[in-house]
Amino acid sequence: MTDFANAAWDYEADLLVVGTGAAGMTAAIVGKTEGLDVLIIEKTEFYGGTTALSGGVAWVPNNPLMKAAGIPDSRDEALTYLKHNVGNRVAPGKLEKLVDHGPEMVDYMQANSAVQFQMMEDFPDYRPETPGGCKGGRSIDPKVFSGRKLKDFANLRKRGMEIPGGIVGSVKELRRLAFFKSNPKGLLDVWKMFPRNLWNKIASRQHMSSGAALVARLRYTLQEKGVPLWLETSLEELLVKDGKVVGARVSQGGKELMIRARRGVIIAAGGFEHNSSMRKEYFGPKAADTWTSAAYTSGSPGNMGDGINAGLSVGAALDLMDDMWWMPSSVEPGAQVPTIHVFERGLPHFLIVNSRGQRFANEAKPYNELGREIYENDAPPAFMVFDHEYRSRYTMGTMLPGMTPERFIKSGYIKRADTLEDLAAQAGIDPAGLKQTVERFNAMATAGQDEDFHKGDSAFDRYAGDPANKPNPCLGPVAKGPFYAIEVQAGDLGTKGGLLTNEHAQVLREDSTVIPGLYAAGNSSACVVGNYYPGAGGTIGAGMTYGYIAAKNAAVQTDQ
């Protein structure tokens, strides 16, 4: 830490934002709209952070789109849901601010930026049956956007792999398209996708969906508002004067620059999922022994914990450093990023077993919860097991229905056998255990009731299931060969731990006092919903809301 009393500033701004994911870009837009002179910096050559690699969905309870659609929700219901599931892990005031300012943030961004959302009326919360839970509407989806509007489109962070078929569609559209084999009428609901994708290829419109669309909309707004974004500029140190953060020392092209931030610095630089030493420090030897950040994290490659460590160096408190946004994942041969398994797990003719051949969880449960159970499973590794019926009807990872690349078989990524016994031998699963498990599973699937783990009981499970499959959209026998198995690991979307903040997004010391001039949002801050994951877009919704709160608070401060 440098106590910078007599600075020779290379650049001055009211607000310095570190990081270009949804939280950081939202903060920068709000700061500019509120009349501040804003600078936003990004360590890598690509902007967008993990948001650009994500589904782009934002979880915002009681949001204005729900009200417009006549879907009932309220502040009290949302708080009941959060307090029931989060418990006492975070200060109640932080949950209250999330609920109060989330809808306000959506209205503000739709009025003052290019950000536009659409309703996902049938996407339930992750625990919709708990008190205050909602069966749909709290998760909202960014609308498709054309990258041709961006002057620096080439610097928008891209996925390491594309959606199967290279199709551009919103989460809502892709969800309906997934069942085209069992429900061809569903294609009528997403007909707009087809001319859009054709026009994309013919005219190079560079349409984007999901997280890329959200980032592009945010970036376009910064571009139009004239907010400078410096790429390949890393935060090296926060500068302090009389106990207040007044700026930062950054590195750009091998040159150090001193940046003054008159109203404050907002750290929104992601978590530490790509920092192996930090993972070992906070997760212990099991993390180091069973999985590595390079193989199984879907977080942005630049997420090394720089912002967290910079805050720590000026006396910030940390929290939740031993938790992740867990995600069941596998690594396809030759892939540079993991394949995440979100909805495939809720479909019929599918189960997950450990090396004993035993089920240990509801396969359709929210990915954060299942990922943690895979991590804690006492008989690793875990395997996704499915049959010919599944493979012929449904997408698995990047594999379209009925299309299983031989290179995946030859590499061993996916095991295939005519019998379950042979499949178990290939995968290293106990054959007797697998046989017994599948026999019981098939009997329950035929009856439509999972007596062991209740797959298909929750509205969230059923959202991921096949509505054409009766009586339970999530259950079907694994009975028709050939049979398949893919090893699945406890991957992650990023880390949950970071700088401890209050309800104003101000960073706190260990004694709970505020570090003046320092804010944090997104995965650089300790998760504002504790260990819980409330619904689809829980990371982005909270990140954008607290980025909004941080910038609003900074705007009413006096110069430092």
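Residues checked against (1) surrounded by fewer than 24 Cβ atoms within 10 Å (Cβ to Cβ); (2) free of Cβ contacts under 8 Å to residues at least 40 places away in the same chain:
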{"site": "LEU238", "(1), (2)": "no, no"}
{"site": "GLY247", "(1), (2)": "no, no"}
{"site": "ARG260", "(1), (2)": "yes, no"}
{"site": "ASN275", "(1), (2)": "yes, yes"}
{"site": "ILE308", "(1), (2)": "no, no"}
{"site": "VAL314", "(1), (2)": "yes, no"}
{"site": "MET324", "(1), (2)": "no, no"}
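Regarding the stretch 33-42, can at least one residue be identified that is closer than 17 Å to ASP100 by Cα and surrounded by fewer than 24 Cβ atoms within 10 Å (Cβ to Cβ)?
Within the stretch 33-42, none of the residues are closer than 17 Å to ASP100 by Cα and surrounded by fewer than 24 Cβ atoms within 10 Å (Cβ to Cβ).
Looking only at the stretch 392-431, count every residue that is among the basic types (Lys, Arg) and under 20 Å from VAL342 (Cα atoms) and tell me the total.
Number satisfying all stated conditions: 1.
Give me the pairs, please: first residue somewhere in the stretch 438-457 and within 14 Å of ALA364 (Cβ to Cβ), second residue anywhere and of a type in the set (Val, Ile, Thr), beta-carbon distance under 9 Å, and either six or more positions apart or on two chains.
PHE441/VAL478; ALA445/VAL478
Tell me which residues, restricted to the stretch 123-142, are of a type in the set (Ser, Thr, Tyr) and over 20 Å from the mean Cα position of the chain (by Cα).
Residue satisfying the conditions is THR130 alone.
Could you look through the stretch 213-236, keep only residues that are part of a strand (DSSP E or B) and hydrophobic (A, V, I, L, M, F, W, C), and pick out the one that is most open to solvent (accessible area, probe 1.4 Å)?
TRP230
Specify which of the listed residues (VAL99, VAL106) is closer than 18 Å to ILE540 by Cβ and touching a residue at least 40 places away in the same chain (Cβ under 8 Å).
VAL106
The values are calculated or read from the model by the stated rules, or taken from the named source; none is laboratory data. Remember, predicted model here, so these are calculated numbers, not experimental data. Here the Cβ is made from the backbone with ideal geometry for all residues, glycine too, and neighbour counts use every protein chain on show. Accessible surface is based on the protein model in full, side chains and every heavy atom, while ligands, DNA and RNA are left aside. Shrake-Rupley method; radii C 1.70, N 1.55, O 1.52, S 1.80 Å.
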